[in-house]
Structures are given as C-alpha cells and as structure tokens.
Amino acid sequence: MGVVKRISGCVATATAVKLADVDVICSYPIRPYTGIMSELARMVADGELDAEFVYGEGEHGQLSVVYGASASGARTFTGSSGVGVTYAMEVYSPISGERLPVQMAIADRTLDPPGDFGSEHTDALCCRDQGWIQGWAATPQEALDMTLMYYRIGEDPRVLLPQYACQDGYFVSHILGEVDIPEAAKVKEFLPPYKNHHVLDVRTPQIIGAQMEPKMGPGMQYQRYQAIEGSRKVIEEVHDEFGRLFGRKYNPWVEEFMTDDAEVALFIQGGHAETAKTVVRRLRNLGEKVGLVRLRTFRPFPTQQVRDALSKFKVVGTVDNSVNFGISGAAGVLLTEARTAMYGMGDKIPTVGFVAGLGGEMITHDEFYKMFMKLKEIAKAGKADKENYWLPFEL
Amino acid sequence: MLEEIKSLRKAPEEEYYVPGHRTCAGCGPALQYRLVAKAAGPNTIFLGPTGCMYVANTSYGCGPWAVPWIHTQITNGGAVASGIEAAYKAIIRKKKTDAEFPNIIVMAGDGGSSDIGLQALSAAFYRGHNILFIAYDNESYANTGIQTSPTTPYGAWTTFSPAGPVIPEGKKLMPKDLPKMMAHGHPELKYLATASLSYPLDLMNKVRKGLNAEGPAFLYIHAPCPKGWSFPADKTIEMGKLAVETGMFQLYELHEGQYKLTYQPKEIKPVEEYIKLQGRFSHLQPEHIQKLQQFANGRLKEVGIEVSVPAQ
Ligand SMILES: Cc1ncc(C[n+]2csc(CCOP(=O)(O)OP(=O)(O)O)c2C)c(N)n1
Ligand code: SF4
Ligand SMILES: [Mg+2]
C-alpha cells in the first residue's frame, strides 16, 4: 500500500521522479518550478535517489544535457518555468527529432512582461508543436501520476517522444493537496527500465542526427507525425493500466464535470478548473444547467474526444490562460483548437473565448460566475455579440 | 590509458574517420579529424556541433565515423557532452549497462566554441565532466560561407568583413584568445594544449594526454581552410607549418598554470611569408601587415617565445 501525504505539486513531481529511478537530472533556478529541483537535490544528498544531479548553465543547457544523457541510455528529468522555457527553444525539436523520451516538468509562469512570478500557460504553449507529448495536471496527485504515466508513454518503443508535464505555477505547484504516493515496487512493475536501441554505445556504433537532404525531409517529419499520432493508442493503454494498478482512473483526454444535461459549459485546462468546479457546483445547486470540460492532454490534441464532449452543449466558452496576440478569434489557443475540433462536425454551436488570469492573477469565483452568465445569455439569444472577452475588462 | 605514440610510423594503422565525406579538397579540419580519431581509438563517442565537420561529413545514413557520433546544436556541444558523461557515470554505477566508460570528444568549430557555444563549453569545464573538447580553428564561420568569427585574424577578408574604400583592412578586430580564456578560471581543468595538423605526432599525443586526464581537457587545433582563406588545396600542411613558424599560432601545453612550449621554431619568420600565400589577406597595406606582426609578437611573448622579427 502507498501512503497518503499532504504535499505540493512540486514535491509530488519530485516524488514521482524518485519513484521512476531517474538517472540524470539537470537543474537551473527559476520560480516556481525550482521547488521540484530543490526537493530532488535534497533526495540525492540524503541518498534517497541515486542520480547525477547536473547544475545546468541555463535552460538551453538543461535541455542539452538531457538530450545527451537520454541518447546514452539514461532516464532523464529536467524542468523550467516562464522565460526559462522559451530560452531553451532551440533544443526541443532536436530532442523529439532524435526520438529521445526525456521528461520536462513545466510549472507555468508568465513570460516578461509582466515579469512577475505569477502563473500563465503562455510559456508552455509557446513550445507546443515541437513533437512533445503535453498536458496539464490540475492537482498535486495528478502531477505525480502524470509524471509516471508520461515516462511510460514516452519510452514506449511505439512512441519514443519527449514529454512536457505541465502544472500551473503556485496554484498547483505550491498548494498542498492530499497525495496517495504509490509503493516503489508497484511503480517498478508499471514502469520498466528505459531501453532504447538508438543509443550512443561503442559496441554498436550509430550516427545520430546526420544532416538531411531536402528530399529526406518529408519522410523524417512524417515519421515524427506518425509517432505523435500513434501515441494516442498508447496514452489510452497506459491510463488504463495505471487505473488498474493504482486505482486512479483518469480519462486520458478530457475530464467532464457535471456535464449531464448541461446546456452551457466551459472548456479549460489546468488548475483553474478546480476553482471553476466550485462555481459549477454552486450554480447547479441553484438549478442552472452548467458544466465543465477539462482538457487533460493537449498534445496530441484529442480532436474527436473534444468534439464528442463539446458538441452536446448549446454554447461553449473556452478559458485561455495565455496570450496569443493576433490569433484568430483574438482570444487564445484553446478557443482556436476547440473551434477546429468542432468545425469538423459542421455544428452550429456558438463558441466564445474568455481570456483570464493573466499575469498570474487568480481567476475568481466571481469571474467564472460571470462567464457562465454570459454563456447563458448567448444560449438564450442564439448567438454571441462578441467572440471574445478579456477579463476583467470586458466582462 | 592510451600510450604515447613514439613516432609517426608507430601510430595505429586503424582509421576511425574514414572516407565518405564531402569536405573540400585539402580541408584542414577533415585532416586533423582523421588524426584525432586515430589517436582516440575505438572506445570513443564523437559529438559534432553544427559547422563544416557536421554538415560536410554527414548525409543521412552516411558518415565517415567508425565509432558513434551525435549531432549537437552549434550552441551546445559542451552541454550535450556533459549529459553523455553524466549518463555513463550513472548507468555504470547503477549497473544499467556493462559498457566501459567511453572517450567523449566534442569536435567544435571556432564559432561553436569561442562564440555561440562558449557558455556550454565553459559550464562543462566548470562542472568537471570527464570529456575532451576540441576546438578546430579554421578561423571563420566556414560552413555558412565564410563569415568572420571571434578567431578570424585581423585584416582577413570574409563575407561579413569585406575590404572596401571605407574599411581598407577588412576585419578590424583582433581575435579572441580562446585557449587562454579556458586556461584560467576553470578550476576543474585537467589538461589544455594547442596543436596543429601540420605537427601530427604532437597532435595525436596531445589527444591521448587529454583523454587520459581524469576530467575536462581542452585542445585547440589550428586547421587551415583552403576555401575560406583562398589558397590552393595542396598547400594546407604548408599553411599550418607557416602559421607556427611565423608565430601566428603557437604550440604549447598548460602545466600547472604555466605555458610550456611543445615546439619552438628555430627562427621566427615574418608574418608576411604566411599571409602572402592567402587570398583573404591580399588587400592588406604595409601598415596593416605591421599590425599583424605586432599581434604575432604579442602572442609569442605571452607564451615565452623571444620575438626576433621587429614590428614598427
Ligand atoms: C543557432 C544557430 N545559429 C546559426 C547557425 C548557422 N550556422 C551553421 S554552420 C555555422 C558555422 C559554424 O562555424 P564554426 O563553428 O567555426 O564551424 P565551421 O563551419 O567553420 O567548421 C553557422 C553559424 C546554426 N546552425 N545555428
Ligand atoms: S570550407 Fe573549409 S573547413 Fe569547410 S569543408 Fe571546406 S575546407 Fe573544410
Ligand atoms: Mg570555423
């Protein structure tokens, strides 16, 4: 049996990294993800975890260190936040291109400006299309479980892709939650040692990352496309098996909350969903038919599952906690992704985008309440008067 | 331990950098690569930051190495090498492999070491990883079509430092001294030397010393580039020799903080003898050549060579 502890998202992630028996860790300080690294440093110093703990010279260096380590057959971990995530941009594509299943935790933080420490999904979303598996945990428990599942998914020989395991800065990374910590022996059973035949070993010399001719480009990119598309099946299998072994059953794609007979719903990802759930519950007590759909896996984007989940409502509002200046719909990527998913149905369901919680501000109960009221208004009118609302200014 | 190679005849016959690449005829970096691989032997992993020794050496499924090789970004050779080293340390210690700890060699250009890759290089040495970092100096960003890098000599023509009526000398800046930057300020450094492809025995033995050192070793190898410097392809070795004989390049090792010459020309020749053979210097006026002479004299003095050619 595992033990239940009250720990933060950071400590939950670090605990999972220890359970995964990671070999090489590369650090660089930036708030708020730092809490994961300091916990890992402590575990290494105390002899709880046998790993090389490398002091990266920056985030670009961090990703480069794990690139080399993973290519040598080690299980690796790194992480970052905010401008650290974007500083490493060059290295994300080579990592997925060489099919190295490194894991990077991202505890979100705004980019500069505003330069504060607050959480915003912009950092992780900047690198969303680089061939990495990506998703958001909404609680410390989910952060721990996600870390373990992502290693298993990424290292599956049918996938071999890196993973961004994201959690909102502070709202998840620094808030204590009850976490059921699984037994090491059971984790071993779930997560076998990392084996990659495409490694640097003098007994089987290989050339990794040779330069391509343009005519080889399409095939190379097509393989990476097939890998991320093919990961869908593995993601489902791994969530199933995780549920069987540990008793926590997640829908790998979307979590639906009080959506039965709901007429309007919010589509959201990350920890703010937990605040929104309270509002949904209260509104339900008042007889309002509202619901919530939380996206769990962002890459690969579960187009079909999102379509199925959202097409039963009269109106859908997306909550973007990121900036995407100039984007179609003038809100954020969740709006454009949701619309793209729903457009395939030829449905005429109005979608509006809410941009909220920027700069790391809380998205308050009051704000979620206003969003639901706006959705109701649109449902009644049959159409929206505006396609996006920037909070708190426009609602 | 890799033993000292007593003479060129006694050098191993086996090659680990073999035909199958597309470098220019007479390419200095390719010639030194062959010597490095020969000296290092089969228990070696090479890393290739972007540059001529990546681009001109690889095409998909085809590369000239008989040992493992991995591409790195031009920015991160030192960091990727650190990761490989850390991985091998961990997986050997944790009994996840039965492989031996390998020689880990970064083969970076002057741009990938002295400029955009400097941060990763310095960090790897600060952390003390057991790697050999080689900077092959062809004195330009060659692969992008010959642009000035921090080690391009004063007065050299490149496509970013062309000579013209307003800037008659072409490149106006004096070059960065990367080995001296590496020599001081990295307490974990275990070995540092300069070498030239024109002195192959010396070069191979320096590779071995670097690999035998238990910690980070830095080797700075002068490697003339016929295309970038505009000289005939059969003059590469001569060009390397003349660089040393004129004092434009010095061969030394660092011993307990002191520079120890490993080869001293009997007589230092004027730099003009070296530069007159290269098209990249053909626009220089006497006053510019004097500046280059002063530069060579200064560098010679720093490593303890008495200067015999006057510079006005
Ligand atoms: C981040 C980044 N910036 C620029 C380049 C373009 N680039 C490719 S090869 C090269 C030249 C490298 O010069 P050097 O390191 O001296 O090696 P050489 O080509 O001279 O052998 C450059 C600048 C790149 N690949 N990556
Ligand atoms: S440009 Fe110079 S360094 Fe590059 S392949 Fe040609 S000769 Fe070699
Ligand atoms: Mg160069």
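The values are calculated or read from the model by the stated rules, or taken from the named source; none is laboratory data. From a predicted model like this one, the values you see are computed outputs, not experimental measurements. So basically every Cβ, Gly included, is an ideal-geometry build from the backbone, and we count neighbours across all protein chains shown.
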In the list B:Tyr126, B:Tyr191, B:Tyr154, which residue meets the criterion of being among the hydroxyl-bearing types (Ser, Thr, Tyr) and either within 14 Å of chain A (Cβ to nearest Cβ) or within 11 Å of ligand 1 (Cβ to nearest atom) (or both)?
B:Tyr126
Looking at the range A:209-218, is at least one residue within 30 Å of A:Arg244 (Cα to Cα) and not hydrophobic (A, V, I, L, M, F, W, C)?
no
Of a type in the set (D, E, K, R), without any contact (Cβ under 8 Å) to a residue 24 or more places away in the chain and within 11 Å of another protein chain (Cβ to nearest Cβ) - does that describe any residue in the range B:97-117?
yes
Quick one: which helices (runs of 4 or more DSSP H) lie wholly within the range B:60-134 and hold at least 2 residues that are charged (D, E, K, R), under 23 Å from A:Gly47 (Cα atoms) and more than 16 Å from ligand 3 (Cβ to nearest atom)?
B:77-93
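If I filter the range B:69-79 for residues that are more than 9 Å from chain A (Cβ to nearest Cβ), of a type outside the set (Asp, Glu) and either closer than 24 Å to B:Tyr126 by Cα or buried (at least 23 other Cβ atoms within 10 Å of the Cβ) (or both), do I get at least one hit?
Step one: filter the range B:69-79 for residues more than 9 Å from chain A (Cβ to nearest Cβ), giving B:74.
From the residues that got through so far, the ones that are of a type outside the set (Asp, Glu) too are B:74.
Next cut, either closer than 24 Å to B:Tyr126 by Cα or buried (at least 23 other Cβ atoms within 10 Å of the Cβ) (or both) only: B:74.
Yes, the range B:69-79 has at least one match.
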Considering each residue of the range B:1-39, count those that are within 13 Å of ligand 2 (Cβ to nearest atom), within 14 Å of chain A (Cβ to nearest Cβ) and touching a Gly at 6+ places or on another chain (Cβ under 9 Å), and give that number.
1
Given B:Phe218, B:Phe160, which one is under 19 Å from B:Tyr33 (Cβ atoms), within 16 Å of ligand 1 (Cβ to nearest atom) and among the aromatic types (Phe, Trp, Tyr)?
B:Phe218
Those residues of the range B:254-278 which are touching a helix residue (DSSP H, G or I) at 6+ places or on another chain (Cβ under 7 Å) and within 24 Å of B:Met107 (Cα to Cα), in sequence order:
B:Leu254, B:Thr262, B:Tyr263
Could you go through the range B:40-52 and let me know if any residue there is away from every other protein chain (no Cβ under 14 Å), surrounded by fewer than 19 Cβ atoms within 10 Å (Cβ to Cβ), over 24 Å from A:Ser27 (Cβ atoms) and under 21 Å from the mean Cα position of the chain (by Cα).
no
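Residue-by-condition table, conditions (1) among the aromatic types (Phe, Trp, Tyr); (2) within 27 Å of B:Tyr88 (Cα to Cα); (3) more than 13 Å from ligand 2 (Cβ to nearest atom):
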| position | (1), (2), (3) |
| --- | --- |
| B:Ala108 | no, yes, no |
| B:Ser122 | no, yes, yes |
| B:His129 | no, yes, yes |
| B:Asp137 | no, no, no |
| B:Ile146 | no, no, no |
| B:Thr159 | no, no, no |
| B:Ala163 | no, no, yes |
| B:Ile167 | no, no, yes |
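Here is a yes/no grid of residues against (1) surrounded by fewer than 24 Cβ atoms within 10 Å (Cβ to Cβ); (2) more than 13 Å from ligand 3 (Cβ to nearest atom):
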site: B:Ala142; (1), (2): no, no
site: B:Thr194; (1), (2): no, yes
site: B:Tyr220; (1), (2): no, no
site: B:Phe231; (1), (2): yes, yes
Looking at the range B:203-230, I want the residues that are within 26 Å of B:Gly26 (Cα to Cα) and have a partner that is among the hydroxyl-bearing types (Ser, Thr, Tyr) and part of a helix (DSSP H, G or I) with Cβ atoms under 8 Å, at least 6 apart or on another chain. Which pairs are those?
B:Pro224/B:Thr236; B:Pro226/B:Thr236
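Restricted to the range B:31-59, and to residues that are assigned to a loop (DSSP other than H, G, I, E, B) and modelled with pLDDT under 95, which residue is farthest from A:His198 (Cα to Cα)?
B:Ala56
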So which residues in the range A:73-83 are over 17 Å from A:Tyr151 (Cβ atoms) and touching a helix residue (DSSP H, G or I) at 6+ places or on another chain (Cβ under 6 Å), if there are any at all?
A:Ser80, A:Gly82
Restricting attention to the range B:7-19, does a residue exist that is in contact (Cβ under 8 Å) with a residue 60 or more places away in the chain, farther than 18 Å from B:Gly77 by Cβ and within 16 Å of ligand 1 (Cβ to nearest atom)?
no
